[in-house]
Amino acid sequence: MSFSIVFQKLLVSTMNTISHPHVLMISEITADGKLTLGRGISSKILMRHMSHEAELLLHKTRAEYDAIMVGSSTIRIDNSFLTVRMVEGKNPVRVIPNAKADLDENANVFDTSLAKTILAVSEEAPAERIAVFEAKGVDVVVAGRQHVEYPRLMEILATRYGIKSLIVEGGPTLNRYMLNAKLVDEIRLIHMPFIVGGDDTPSLVGGMRIGSENEMIRLKLKGTAMYGENLVTEYDVIY
């Protein structure tokens, strides 16, 4: 059974009861667990080596989900559009957590002629910066006092916007916050057949040190498939 069919069945069974979106974390990852070629280097370089079949899967998944979220660092480094290409389908709502509203308002993701964009800020975001984004048609939501509080953001997305499903295509910091808050339901990894090395090269989850095996985040393998030369694995997250 394909990943998309599994997701559609799960969504139908839960869409009337969830208080926050069903969250799928999806990432390309090298054989040694890295997301990029090095710190501060765009992940787009690595993704250029992804098979066409895996690219189609990525964009098909975007078209199936209501929203997509990446962190501020990803926008600064990659300047992503976060839209659907290569397949037919609607663009997901784009969600960008940026506590101080200090991203470049001219970044591609804030072109609201392509898709709705929600900027999640904290109470400390300057009013003048919020006004700049609102003038571009960006929806600005306050989701925390000093920082973006992800449980609160998920609640806002579900209750205010009716978002039932969300992809996280984040870097190691956003991935850590979402996993630590127990907000990720599934993880899908697109395995790249490369080793890049580097002690400080970003990996799937950053900054998270555990004290014992009891603190490990446990996963249950739910499926594997080959897409061209890329192995794709999918897991349920067990809290």
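The values are calculated or read from the model by the stated rules, or taken from the named source; none is laboratory data. Quantities reported herein were computed from a predicted structural model and do not represent experimental measurements. Here the Cβ positions follow ideal geometry from the backbone for every residue, glycine too, while neighbour counts run over all protein chains shown. Only protein heavy atoms, including side chains, enter the accessible area calculation; ligands, DNA and RNA are left aside. Shrake-Rupley method; radii C 1.70, N 1.55, O 1.52, S 1.80 Å.
Test ARG209 against the criterion of being without any contact (Cβ under 8 Å) to a residue 24 or more places away in the chain and either on the phi < 0 side of the Ramachandran plot or touching a Gly at 6+ places or on another chain (Cβ under 8 Å) (or both), and give yes or no.
Spelling it out, ARG209 is indeed without any contact (Cβ under 8 Å) to a residue 24 or more places away in the chain and either on the phi < 0 side of the Ramachandran plot or touching a Gly at 6+ places or on another chain (Cβ under 8 Å) (or both).
Can you name the residue in region 115-131 that is aliphatic (A, V, I, L, M) and part of a loop (DSSP other than H, G, I, E, B) and is also nearest to the chain's Cα centre (by Cα) among such residues?
ALA115
Please work out which residue is farthest from SER42 (Cα to Cα), limiting yourself to region 196-219 and to residues that are among the acidic types (Asp, Glu) and in a helix (DSSP H, G or I).
Only one residue fits best here, namely GLU213.
Name the one entry in MET192, MET154, MET216, MET226 that is open to solvent by less than 10 Å² (accessible area, probe 1.4 Å), more than 23 Å from ASP66 (Cα to Cα) and either basic (Lys, Arg) or over 12 Å from the mean Cα position of the chain (by Cα) (or both).
Within the list MET192, MET154, MET216, MET226, the selection yields MET192.
More than 28 Å from ARG76 (Cα to Cα), open to solvent by 70 Å² or more (accessible area, probe 1.4 Å) and modelled with pLDDT of 95 or more, is that true of LYS182?
no
Would you confirm, using the coordinates I've provided, whether ARG129 is open to solvent by 10 Å² or more (accessible area, probe 1.4 Å) and over 21 Å from ARG76 (Cα atoms)?
Here the answer is no, as ARG129 does not meet what is asked.
Which one of these does LYS182 not meet: (1) more than 15 Å from the chain's Cα centre (by Cα); (2) of a type outside the set (Ser, Thr, Tyr); (3) part of a loop (DSSP other than H, G, I, E, B)?
Only one criterion is unmet by LYS182, namely (1).
Could you run through region 132-174 and say how many residues are part of a helix (DSSP H, G or I) and at pLDDT below 95?
2
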